[in-house]
Amino acid sequence: MPFESGAISFRMMELSKPFPGDWVERFAADRAAPLDEVGAGRQTGWVTARHLLDSNIQEETALYAGWVRLALRLAERKIPAGLLRAECRMEELAVLAAEAKPFLKAKDRAEIRRSVEDRLLPQMPPQLKAIPFAYKLGETHLYVTALPLAQLDLFAGALRSAIGHSGEPSTPETLGLRLKKANLRDVPGASFSPEMKDVAMETAPGREFLTWLWFKAETQNGRVALSTGQTLGVLIEGPLVFAHEGNGAHVSVLKKGAPENSMEAKTSLLSGKKLKEARLTFALDEEWVWTFGYEADECLIRSLKLPQSEGRLDAVSRFQERMIHLEQWREIFLDLFAGFTEVRLHAAKWKDTLGAMRDWIQGRPARR
């Protein structure tokens, strides 16, 4: 499972309340059925993080170092497209020869296809996928690997069915409500470009945050103050994706070399585009370093690399260390987002920030 080793791609979910006390029984009641019960439709159910065939959900199998580690398993039988076409064609040719017909009607071909599917489908091995999540007992957030919206909807529905509630994905709007009791969607769009007016800008709090963080890092020698009194090193690198729903090209993608210092990046900012995706590095010191890809509109985290200790650890200790580092990353991220939200909602502070950002865009160096 991805939370045990390697880089992690995930999104956060904010829950309205912690898991209920009988969470084990609830998930066990919705556990994955045996594979021999998988038919033409998709079968969903919960399994443990040990492997995709382990539907024996008990506290000792589902709880690991204080964290609930389960996965929503998706199982489905499918006939490979090439095999289905070949089998259908064989049947069609046999019917044509037997009935001396020059061709078959669409209705006849459809009936042959249904017959072939009914015959072949039970012979196909089930295809398995999983949507793992990690949740620390007592908390009101979790981490889930469901990045596509279709997977997120499937996971949220299954989670709601199991524990009675599912919460909301941690989008910029959700985080604004949670951290500052403010809906950032109600805040009108703002232009960071000295050449564009605010009225021309769409509401995009995630892009505003990422572009603001880039501005803070570049104008403060790569150091951003946290509310804890710590100073965080922040580096923003390519590939960079800029976006603005206006006239002309809506999206600009810059990669290879150093796109953050390019003329194209400056041009994108001057045209009203904001940074939508980038590669970020957070560093508290040389040992505490996190690198990850960030998609601002939905707050998606891709390939997060966690700090690693130099010593050898057993499996439980290694997992505990990784989850400590993941929780620390979340605290840092939320601290930064709360700082942005506070400035964004304060009229005087935001006015000063807009002026400084426009000067930064106008004057930032750009290499060809």
Dimensionless Rg over Rh [the range 179-363; C-alpha; Kirkwood]: 0.99
Amide proton proximity set for K136, modelled H, under 5 Å, gap of 5+: V68
Pairs from K305/K349; K197/K276; K180/K256; K129/K274; K180/K255; K266/K351 whose Cα-Cα separation, in the structure shown, is over 29 Å: K305/K349; K180/K256; K129/K274; K180/K255
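Please report, in cubic angstrom per residue, the volume enclosed by the convex hull of the alpha-carbon atoms of the range 108-207.
Looking at the range 108-207, the number lands at 235 Å³ per residue.
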Summed residue charge, Cβ within 14 Å of L270's Cβ, Lys/Arg positive, Asp/Glu negative: +3
Sequence ranges 78-84, 28-34, 291-297, ranked by mean other-Cβ count within 10 angstrom, highest first: 291-297, 28-34, 78-84
Spin-label model distance (nm) - Q320 vs R119, 7 Å beyond Cα toward Cβ: 6.0
Estimated FRET transfer efficiency when R0 is 41 angstrom, pair E59-V95 (beta carbons, to 0.05): 0.10
Reach of K17 by Cα under 15 Å, taken over aspartates and glutamates that are not fewer than 8 positions away in the same chain: E139, E168
Sequence of S309, S271 once ranked by neighbouring C-beta atoms within 10 Å, starting from the fewest: S309, S271
Bins of 5 Å from zero: percent of alpha-carbon pairs in the range 81-123: 5, 23, 33, 23, 11, 4, 1
222 nm mean residue ellipticity, helices alone, for the chain (DSSP H n ≥ 4; -39,500 (n - 2.57); rounded to 500): -12500 deg cm²/dmol
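What ranking of T145, T219 emerges when the number of other C-beta atoms within 10 Å of each C-beta is taken as an exposure proxy, fewest first?
Working: T145 20, T219 13.
Ascending Cβ contact count within 10 Å gives the list T219, T145.
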Amide H within-cut-off set for S262, under 5 Å, with H built and near neighbours excluded: R367
Relative pair counts by distance (%), Cα atoms of the chain, 20 Å bins: 24, 44, 26, 6, 0
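Assuming R0 = 25 Å, what is the FRET efficiency of T267 and R330, from their Cβ-Cβ distance, to the nearest 0.05?
Values: r = 34 Å, r/R0 = 1.38.
Efficiency at R0 = 25 Å is approximately 0.15.
So how do 274-281, 63-70 stack up, highest first, on mean other-Cβ count within 10 Å?
Order by mean packing, descending: 274-281, 63-70.
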For the range 295-307, Karplus couplings with θ = phi - 60° (6.51, -1.76, 1.60), whole Hz, Gly/Pro x: 10, 6, 5, 10, 6, 8, 10, 10, 6, 6, 9, 8, x
Cα-based Rg of the range 221-320 normalised by 2.2 N^0.38 Å, two decimals: 1.34
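Bear in mind that the values in this text are calculations on the coordinates, not laboratory data. What you are looking at is a predicted structure, and each value in this text was computed from that prediction instead of being measured. Reconstructed Cβ throughout: ideal geometry from the backbone, glycine too, with neighbour counts over all protein chains shown.
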